[in-house]
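Here the structure comes first, spelled out in structure tokens, and everything after it is commentary.
The values are calculated or read from the model by the stated rules, or taken from the named source; none is laboratory data. Just so it is clear, the model here is predicted, and its values are computed rather than measured. Counting neighbours? That spans all protein chains shown, and the Cβs are built from the backbone with ideal geometry, glycine included. In case anyone asks, the SASA skips ligands and DNA or RNA and just uses the protein heavy atoms, side chains included. Shrake-Rupley method; radii C 1.70, N 1.55, O 1.52, S 1.80 Å.
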Amino acid sequence: MIRVVLADDQPLVRAALEMVITETTDVEVVGEAGDGAEAVRLAAELRPDVVVMDIRMPGTDGIEATRQVTAAGGPTKVVVLTTFDEDEHVYAALRAGASGFLVKDMALDDILAAVRVVAAGEALIAPSVTRRLIGAFAAQQPKPARAPDRLAVITEREREILTLVGRGLSNSEIAAELVLSIATVKTYMTRLLAKLDARDRVQLVILAYEAGLVSVPG
């Protein structure tokens, strides 16, 4: 059973998500929060698998709440709720440790499927949209001077795979592109996460942009 905390200051949003979740047999809502501080408290108390976190909330916003939840080092993953055209804080939320994002106008069933993906550790929602989103906000950030230096520890093949991850390709798509088995790609992914001290796949995407391996989508 995937245990979820819903954090959104709009009760109607929480109610709509909970309504869909209660119809499933593998996901359950174990807590609800109307602000970031409450979300942090519930994450520490209940240790859910996933917190669905709105970014724009009163008091402690979703970015700071995400940072606190992920910094605690527990098993909880965070996916942020956003509106692509309006929310300029998504990149900061991903940097704070979010494992992915959900767009508020997604179909509820798609949001539920995304929660399952994150709980399973895939940590990347809708790769093509994620790539566009991260790319847009990465372009607005100053590139860290040491980002390319971090790549000195990886091999050329690992760099090639990191580039494809940055382009938003899934493991199966990378395997097809490089004519490798999916098991081999998964092994490379594990090595990249360890060598680059990355929490999950989303952080690898961000690093690929920062290091200049992937250009910002036009």
Item to check | Residue order for Asp54, Asp105, Asp49 - accessible surface, 1.4 angstrom probe, largest first | outcome: Asp105, Asp49, Asp54
Item to check | Carbon and sulfur %, accessible surface of segment 31-77 computed with the full protein complex present, 1.4 Å | outcome: 48 percent
Next on the checklist: Tell me which trypsin sites (Lys or Arg not before Pro) from segment 147-200 have a DSSP coil assignment and no more than 16 other beta carbons within 10 Å of their own.
Outcome noted: Arg199
Checklist entry - What are the residues whose amide H is under 5 Å from the amide H of Ile2, where those residues sit 5 or more places off or on another chain and H is modelled from the backbone? => result Val27, Glu28
Checklist entry - For the residue pair Thr83 and Ala120, what label-to-label distance in nm results when each label sits 7 Å from Cα along the Cα-to-beta-carbon direction? => result 3.1 nm
Checklist entry - If you stretched the chain out fully between Val13 and Arg191, how much longer would it get, using 0.36 nm times the residue separation minus the C-alpha to C-alpha distance? => result 60.2 nm
Checklist outcome for this item: In nm, the gap between the two label points placed 7 Å beyond Cα toward Cβ at Ile182 and Thr22 is 3.5 nm
Next on the checklist: Could you give the length gained by full extension between Lys104 and Glu156, i.e. 0.36 nm per residue of separation minus their alpha carbon distance, to one decimal place?
Outcome noted: 14.9 nm
Next on the checklist: From the phi angles alone, apply the Karplus equation (6.51, -1.76, 1.60; θ = phi - 60°) to segment 115-120 and give each ³J(HN,Hα) in whole Hz, x where the residue is Gly or Pro.
Outcome noted: 4, 5, 4, 5, 4, 7
